[in-house]
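A short worksheet on the structure shown next.
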Amino acid sequence: MQIHQSIATIREALSGTPAALSGAGRIVFVPTMGNLHAGHIALMQQARAHGNVVVASIFVNRLQFRPGEDFEKYPRTFAADCEKLLAAGVDHLFAPSEAELYPEPQQYVIEPPAKHASILEGEFRPGHFCGVATVVMKLFAIIQPQAALFGKKDFQQFMVLSAMVREFALPIEIIPGETVRAADGLALSSRNGFLSATERAEAPRLFHLLQRVATTIRAGNLDYTKHEAAAKAELQDSGWIPDYVAVRKRIDLQSPTDRSPLVVLAAARLGNTRLIDNIEI
Ligand code: PAF
């Protein structure tokens with residue numbers, strides 16, 4: 001695996017790949033913020049099935065964190081991440097410094113529409129999706145992949161980035177990765193490491209609660225507001241501070257109005273750690 005810290009070297013390396021030279025191959029890209037777990041590694045393996053050059057990136061993107069969020073304490077485990085990427089057969093790793101990616105303040109940004117980016121996560125993390133979309137657009141401009149993978153655990157991120165690529169007619173296939181879970185159901189996340197032992201034991205409740213909501217809706221009970229309120233109450237009673245539990249249309253995360261496929265999403269704080277999860281219905 002080649003590790004590149006500069007835009008110039010990753011560009012040079014990728015312009016010489018069989019994919020770029022023949023025009024027949026595909027560069028498949030998996031952007032990450034590092035602290036890699038089995039969910040990321042599953043994305044790398046999936047990427048291999050979609051192309052012949054797999055590129056990963058590690059960059060903790062300040063733009064998508066609000067003041068007071070966990071940017072400073074976001075886990076940075078570069079050496080261990082490199083070993084995992086090497087073992088997963090990744091060809092190139094792009095790991096720029098902040099000065100390399102943002103040599104001047106990033107004033108040109110991608111501003112996703114409020115109906116996608118100011119709801120759910122966006123309501124509680126204003127500006128988050130602007131930061132995500134901006135860095136992903138910049139990474140796409142550098143890597144110029146034919147396909148990119150994003151995990152569905154961040155369902156809204158997947159939706160926003162799919163819409164961005166569609167509306168800008170970028171020639172990039174956006175491929176979803178299934179959420180990888182611990183044996184007890186907790187979705188793998190870099191933030192799980194912040195949980196105390198007691199919190200870790202409590203954390204799978206989020207998934208089990210979403211499962212129950214999904215099962216009830218699949219059984220034909222469509223009183224979404226009631227399910228959302230009951231789920232939030234259960235979280236509160238169990239010591240969580242819920243931000244939202246919401247049943248939405250998968251395609252655009254708006255409230256259900258017809259029979260289109262649904263997803264139930266939740267975000268809640270357990271101690272000092274904010275967890276998110278979702279289940280497609
Ligand atoms: O999902 C993430 O890890 C980040 O939001 C991403 C897509 C790498 C952009 O910084």
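The values are calculated or read from the model by the stated rules, or taken from the named source; none is laboratory data. Quick caveat, the model's predicted, so the values are computed rather than measured. Every residue, glycine as well, gets a Cβ built from its backbone with ideal geometry; the counts of neighbours run over all protein chains shown.
Listed here are the residues, each with its yes/no results for (1) under 21 Å from Lys232 (Cα atoms); (2) touching a Phe, Trp or Tyr at 6+ places or on another chain (Cβ under 8 Å); (3) surrounded by 15 or more Cβ atoms within 10 Å (Cβ to Cβ).
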position: Asp154; (1), (2), (3): yes, no, yes
position: Gln157; (1), (2), (3): no, yes, yes
position: Ile174; (1), (2), (3): no, yes, yes
position: Ala182; (1), (2), (3): no, no, yes
position: Gly185; (1), (2), (3): yes, yes, yes
position: Leu195; (1), (2), (3): yes, no, yes
position: Thr198; (1), (2), (3): yes, no, no
position: Arg205; (1), (2), (3): yes, yes, yes
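Of all residues in segment 101-118, count the ones that are assigned to a helix (DSSP H, G or I), within 15 Å of the ligand (Cβ to nearest atom) and either over 16 Å from the mean Cα position of the chain (by Cα) or free of Cβ contacts under 8 Å to residues at least 24 places away in the same chain (or both). The qualifying residues number 1.
Against the conditions (1) out of contact with any Ser or Thr (no Cβ under 9 Å at 6 or more places or on another chain); (2) crowded, with 19+ Cβ neighbours inside 10 Å; (3) farther than 20 Å from Glu69 by Cα, Ala133 satisfies every one except (3).
For segment 48-75, which residues satisfy the criterion of being aliphatic (A, V, I, L, M) and more than 19 Å from Gly193 (Cα to Cα)?
We begin by selecting, within segment 48-75, every residue aliphatic (A, V, I, L, M); these are 49, 53-56, 58, 60, 63.
Listed by number, the residues that qualify are Ala49, Val53, Val54, Val55, Ala56, Leu63.
Considered as a group, the residues in segment 136-150 that are away from the ligand (no atom under 11 Å from the Cβ) and β-branched (Val, Ile, Thr) include one that is surrounded by the fewest Cβ atoms within 10 Å (Cβ to Cβ), and that residue is Ile142.
Is it the case that Pro96 is in a loop (DSSP other than H, G, I, E, B), closer than 20 Å to Thr9 by Cα, within 13 Å of the ligand (Cβ to nearest atom) and at pLDDT 95 or above?
Details: in a loop (DSSP other than H, G, I, E, B): yes; closer than 20 Å to Thr9 by Cα: yes; within 13 Å of the ligand (Cβ to nearest atom): yes; at pLDDT 95 or above: yes.
Considered against the rule, which asks whether it is in a loop (DSSP other than H, G, I, E, B), closer than 20 Å to Thr9 by Cα, within 13 Å of the ligand (Cβ to nearest atom) and at pLDDT 95 or above, Pro96 comes out as yes.
Of the candidates Glu167, Glu121, the single residue that is within 27 Å of Pro242 (Cα to Cα) and either within 11 Å of the ligand (Cβ to nearest atom) or not aromatic (Phe, Trp, Tyr) (or both) is Glu121.
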